[in-house]
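First the structure, in the form of structure tokens, and then the observations on it.
The values are calculated or read from the model by the stated rules, or taken from the named source; none is laboratory data. Keep in mind that this is a model prediction, so the values were computed, not measured. Neighbour counts are summed over all protein chains in view; Cβ atoms, including those assigned to glycine, are modelled from backbone coordinates with ideal geometry. For accessibility, only protein heavy atoms count, side chains too; no ligands or nucleic acids. Shrake-Rupley method; radii C 1.70, N 1.55, O 1.52, S 1.80 Å.
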Amino acid sequence: MRYDPLRELPATPGWKAGDVLVVFGELFGRGYANGIVDEARRAGMTLVGATVGRRDGSDGPLRPLNAEELAAAEANLGGRIVNVPLEAGFDLEAVDGGPSPAEQLKRLKGENWRELSFDQAALSASRAAGAARFERNAAAFAAQLATLVPAGANLLFVHTMAGGVPRVRSLLPLMTRLFRGTGEKHLASGPVWETELGRLWAASFEEVTARTFERLVAATAPLRTAGRKVRYVAYGYHGCEVLIGGRLTWQSYTPYLQGWAKKRLEQHAEEAWRDGVRATVFNSPEIWTNSSSLFSGVELSLYPLLTSISDAGRAKGGAAQAVADELRGRCAALLAPGTTLEAMLERADRFLSDPVMAPFRGLEAWPQHSTREEMELMLPASEEVLAFSADAKNTVAAELSRLVFGAVGRLMLAEAWEPVSPIRWLNHDVVAKRVVTA
Ligand SMILES: NC(=O)c1ccc[n+]([C@@H]2O[C@H](COP(=O)([O-])OP(=O)(O)OC[C@H]3O[C@@H](n4cnc5c(N)ncnc54)[C@H](O)[C@@H]3O)[C@@H](O)[C@H]2O)c1
């Protein structure tokens, strides 16, 4: 892994009407993929989407979308959805009458996470069955996609899949303690990750977050024909440089338990690249989405983007300055009476620059496990900074998140035209430049 941030805005790409952007994953209202989809639409590209499928009840069999669900998904995307269920993972996979991982996890109670052991043969069989199902469905997806892509059209695959928390209620109390616990309720992530439970959880993350990218590249090999550009991009996370005490500094949200799977995702891009496939993971900033809003505190590093944007506006002047000023005004209008953006930014910076956080700023040591001291600093800081916004449903963090996914989408679409390496970081400096530049 080479630390390789994108520092300058990429040249205008050559994507044109008739070229096809494929979203590999579902599109939710406030997720990262919306940015690149909007940008592709502006370029006149044809949009094709995917679905993870649905299960009736909590663990019914995986099925494609019904007519009503399909129509809603296609309206949301503004394009065709290839209706093959692409749910990844193996938590609900039962093989030959053996228990599924979710079934085995029902024995999780109270403190028994330390010694809980699993039928490893059943786990291996489930994992293999989940992988085989996904590969089968990815091949069917690719075959249907081939009929939708005109000869000579360029193709951009956008991998958005991430997840894999085993879907079982018994895990919820543990998750609350891991991600929100302070005092006696705090649970450090390290000891959990060292158990059989932790290993199962990590394997589940790997299947959904990383292996799906490898399998997408493999399944779509028949589409990589001469005479067209075929590119693959994926959203990674591997920390992000933000302004701390006025200096652009690499930092990361902790505990980011998908971190090992995200490193594996990077490896898949490197391997594809070595095989001559232009696949790039774009490590992107922390924002609020359906998937991340569970993780209180993940948004704390988003606030200094406002300062980066003001700085970028000032550096360019003219219209760029006006964009930055307008955004500041929009954010100020979201604040509770009697508060200021300056005070809000000062509170976020006090957390980010706290000496307790210094050991977490090592790129080489990433991903790191949480400590009680860190969580007890982060969780109250998150609440205090959120309280600066007048309406919990319309916050500065949500406004900045929209801005980031838009800017990241523009950067990715442009850079994917002639990518130079398999792993890039999109930090606050280049996001800010993108935001203020027309
Ligand atoms: N939110 C952040 O702070 C952040 C930061 C950096 C990178 N990312 C990455 O951006 C990408 C999009 O995430 P997002 O935060 O926009 O949230 P999101 O909830 O909009 O997207 C999550 C995606 O994962 C897919 N998915 C979930 N479970 C799946 C499963 N079992 N099988 C197949 N697909 C599954 C969903 O269909 C959806 O497309 C992810 O790779 C995420 O890790 C997010």
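Miscellaneous remarks
- Residue count for region 1-53 under the criterion of being in contact with a Pro (Cβ under 7 Å, 6 or more places away or on another chain) and polar (S, T, N, Q): the result is 1.
- Pair list, Cβ under 7 Å, 6 or more apart: region 36-62 residue within 18 Å of T160 (Cα to Cα) and among the acidic types (D, E), other residue more than 11 Å from the ligand (Cβ to nearest atom) and not in a loop (DSSP other than H, G, I, E, B): D38/G406; E39/R410; E39/L413
- Hits in region 412-429 - residues which are assigned to a helix (DSSP H, G or I) and surrounded by fewer than 24 Cβ atoms within 10 Å (Cβ to Cβ): A414, E415, D429
- The one condition from (1) under 27 Å from L257 (Cβ atoms); (2) touching a Leu at 6+ places or on another chain (Cβ under 6 Å); (3) away from the ligand (no atom under 16 Å from the Cβ) that S389 does not meet is (1).
- Within the set L156, L187, L223, L174, the sole residue that is within 16 Å of the ligand (Cβ to nearest atom), aliphatic (A, V, I, L, M) and either touching a residue at least 24 places away in the same chain (Cβ under 8 Å) or over 27 Å from A94 (Cα atoms) (or both) turns out to be L156.
- Matching strands (runs of 3 or more DSSP E) fully within region 180-299 where at least 3 residues are of a type outside the set (V, I, T) and buried (at least 19 other Cβ atoms within 10 Å of the Cβ): 230-236, 240-244, 278-283
- Some residue of region 353-374 being open to solvent by less than 20 Å² (accessible area, probe 1.4 Å), within 16 Å of the ligand (Cβ to nearest atom) and part of a helix (DSSP H, G or I): no
- Lone qualifier among E346, E373, E418 - being over 22 Å from the mean Cα position of the chain (by Cα) and under 30 Å from T46 (Cα atoms): E418
- Those residues of region 8-44 which are within 17 Å of T220 (Cβ to Cβ), in a loop (DSSP other than H, G, I, E, B) and either of a type in the set (D, E) or more than 9 Å from the ligand (Cβ to nearest atom) (or both), in sequence order: D19
- Residues within region 300-342 that are touching a strand residue (DSSP E or B) at 6+ places or on another chain (Cβ under 7 Å), part of a helix (DSSP H, G or I) and open to solvent by 20 Å² or more (accessible area, probe 1.4 Å), tallied: 1
- The number of residues in region 236-256 that are at positive phi and within 13 Å of the ligand (Cβ to nearest atom) comes to 1.
Per-residue answers, yes or no, for (1) within 27 Å of V22 (Cα to Cα); (2) modelled with pLDDT under 95:
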{"site": "Q258", "(1), (2)": "yes, no"}
{"site": "E266", "(1), (2)": "yes, no"}
{"site": "T280", "(1), (2)": "yes, no"}
{"site": "S291", "(1), (2)": "yes, yes"}
{"site": "L305", "(1), (2)": "no, no"}
{"site": "G317", "(1), (2)": "no, no"}
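- For beta carbons closer than 9 Å, sequence separation of 6+ or different chains, a first residue in region 98-127 that is of a type in the set (S, T, Y) and a second that is modelled with pLDDT under 95, the qualifying pairs are S100/D59.
- So L345, is it in contact with a strand residue (DSSP E or B) (Cβ under 6 Å, 6 or more places away or on another chain) and more than 16 Å from the ligand (Cβ to nearest atom): no
- Among the residues making up region 65-94, those that are open to solvent by less than 60 Å² (accessible area, probe 1.4 Å), part of a loop (DSSP other than H, G, I, E, B) and within 21 Å of R136 (Cβ to Cβ) are L65, L86, E87, A88, G89, F90, D91, L92, E93.
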